[in-house]
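I have placed the structure first, in the form of structure tokens, so that the comments after it can refer back to it.
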Amino acid sequence: MTTFPGVDFLELDSELSDEEKLVRRTARQFVDENVIPIIEKHNREATFPIELVPQMAELGFFGANLSGYGCAAMSNVAYGLVMQELERGDSGLRSFVSVQSALVMYPIHAYGSDAQKEKWLPRLQSGKAIGCFGLTEPQFGSNPGGMLSRAVRRGDRYVLNGEKMWITNGSIADLAVIWAKTEDGAVRGFLVERGTPGFSAKDVHGKWSLRASVTSGLTLIDCEIPAVNLLPGATGLEAPLSCLTQARYGIGWGVLGAAMACYHTALDYAKTRKQFGNRPIASHQLVQQKLVWMVTELSKAQLLALHCGRLKDKGRVDFAQISMLKMNNVWMALETARRRHSRRQRHRGRLLHHAPHEQSRIGLHVRGHARHPRADHRRTHHRHPRIRVVPTKKKKTARFSRRKSQAVSKFDILPSRGGRASSSPARVPNGRRDRSP
Ligand SMILES: Cc1cc2nc3c(=O)[nH]c(=O)nc-3n(C[C@H](O)[C@H](O)[C@H](O)COP(=O)(O)OP(=O)(O)OC[C@H]3O[C@@H](n4cnc5c(N)ncnc54)[C@H](O)[C@@H]3O)c2cc1C
């Protein structure tokens with residue numbers, strides 16, 4: 001088993017403490033040995049590798065940057081490095097750890113009562129309990145303040161009604177952190193245990209991204225929970241938004257790993273694949289340009305993540321800075337995957353073992369995921385249009401026929417429909433046939 005060497009063009013390792021490097025090495029080894037060999041199967045079959053949960057718990061990945069209750073109290077940079085390595089293996093795995101840590105353990109840690117912390121945090125940290133976070137609803141995603149879920153107090157109980165959608169870990173969770181509005185219109189957080197009457201989960205099937213991750217819809221119909229399950233410190237929309245800030249921080253780091261895997265795969269391939277004069281395609285400048293773009297943007301994204309991590313460790317990071325981190329780094333990783341993924345490679349199935357999901361696993365970080373399943377496919381074709389050559393109608397004359405061999409200027413050059421190969425290869429001005437795939 002070869003260990004992933006990482007990508008460190010700017011020697012940023014010199015900025016990491018020994019402890020942070022040790023954490024990264026541990027997570028990297030875990031991914032190389034336990035995730036890479038099995039993840040393609042899970043991706044294809046759309047299953048989550050739940051068998052990895054106890055090991056990840058043992059390694060301290062859950063709630064890693066929290067303190068107390070068995071948590072590892074790592075620095076935020078170390079936590080980010082764990083996210084990076086996990087997402088190098090698969091986005092679904094990173095997503096699982098993000099939800100467990102940032103969206104379930106964090107709100108209990110930050111807003112829960114002592115009894116709630118003592119009951120749940122050790123179980124969640126040790127992987128004995130799995131959590132989910134229910135904020136998004138079918139009608140309200142980007143605008144969670146419009147949520148329709150309601151919680152009504154009845155004596156020593158709350159009665160919850162509502163629907164949640166796109167909930168990671170929903171059907172496998174022992175505990176759901178549900179956000180609902182109380183009678184005064186305030187958004188409050190509630191702990192709903194698996195098996196509570198009126199609470200059910202149903203999985204979303206047919207995703208094209210984050211396939212090795214469980215995504216569910218939750219239904220709450222007259223679901224009664226003890227009033228003590230209210231998170232006492234969470235008294236408005238700021239509470240769930242603060243959880244999203246924690247999760248976004250992890251995503252900002254995680255996508256570095258996805259981009260590293262893409263860059264590394266592309267570089268390896270370009271060094272071994274030979275074309276034009278039996279030279280590795282890495283020796284051609286158009287390929288080099290892509291690789292240089294990747295490593296440049298990746299290095300800038302690493303700097304951004306490291307800086308935000310250090311600010312977070314000092315307690316000085318602002319949610320807007322974390323949004324910038326996530327926005328930039330997700331864009332970088334998505335573009336890296338697109339530049340890496342040429343059609344020739346895809347059609348020939350020549351990419352290395354974990355290639356098929358590298359691209360898909362990044363896609364869903366771009367919110368507004370309700371895209372047509374073939375949207376990326378179409379966009380790729382749009383960005384790399386095949387050239388087809390059609391004669392301009394008016395000029396299709398005897399004179400045109402006589403001179404057509406030299407008359408490139410009399411042709412309209414258009415992207416071909418749907419990116420399909422035109423029936424004859426395009427003619428280019430120097431008379432060579434375009435042999436692009
Ligand atoms: C795999 C997966 C896992 C998820 N896990 C969870 C989870 O565990 N818990 C949870 O609560 N949620 C989860 N979500 C939900 C996710 O957070 C929402 O998808 C997200 O909030 C966007 O909401 P929406 O899908 O309803 O998009 P919409 O709100 O319908 O937005 C659609 C598009 O419109 C754009 N848009 C919306 N409003 C504006 C505006 N004002 N200005 C400009 N553009 C706008 C958006 O950017 C987007 O491109 C998950 C989603 C996915 C895909």
Quiz item: How many nm separate the modelled label positions at His205 and Asn161, each set 7 Å beyond the Cα in the direction of the Cβ?
Solution: 3.1
Exercise. Hey, can you grab everything whose amide H is under 5 Å from the amide H of Glu224? Only 5+ residues off in sequence or another chain; H modelled, so Pro and N-termini drop out.
Key: Leu160
Quiz item: What's the extension gain from Arg310 to Asp13 if we count 0.36 nm per residue and subtract their Cα-Cα distance?
Solution: 105.5 nm
Quiz item: Counting only the backbone N, which residues of the stretch 174-200 are under 13 Å from the spot 7 Å out from the Cα of Val152 toward its beta-carbon?
Solution: 182-184
Practice problem: Take the Cβ-Cβ distance between Lys274 and Val228 as r, set R0 to 60 Å, and report the resulting FRET efficiency rounded to the nearest 0.05. | Solution: 0.35
Quiz item: Just going by the charge dipole of the stretch 1-109, with Lys and Arg at +1 and Asp and Glu at -1 on Cβ, which of Pro54, Val104, Ser75 is farthest out on the positive end?
Solution: Val104
Quiz item: For Ile38 and Glu193 in the same chain, what is the full-extension length gain: residue separation times 0.36 nm, less their Cα-Cα distance, in nm?
Solution: 52.7 nm
Practice problem: Holding the Cα-Cα limit at 25 Å, pick out from Lys41/Lys326; Lys21/Lys128; Lys128/Lys202; Lys21/Lys312; Lys202/Lys312; Lys117/Lys181 the pairs that are longer than that. | Solution: Lys41/Lys326; Lys21/Lys128; Lys202/Lys312
Quiz item: For Gly134, which sequence-distant residues (separation of 5 or more, or a different chain) have an amide H within less than 5 Å of its own amide H, given hydrogens modelled in the peptide plane?
Solution: Val177, Ile178, Trp179
Practice problem: Compute the length gained on full extension between Thr47 and Gln289: take 0.36 nm times their separation in residues and subtract their Cα-Cα distance, giving the result in nm to one decimal. | Solution: 83.5 nm
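Every number here is computed from the coordinates shown, using simple stated rules; none is lab data. Here the structure is a predicted model, which is why all the values come from computation and not from measurement. Backbone-built Cβ (ideal geometry, glycine too); neighbour counts: all protein chains shown.
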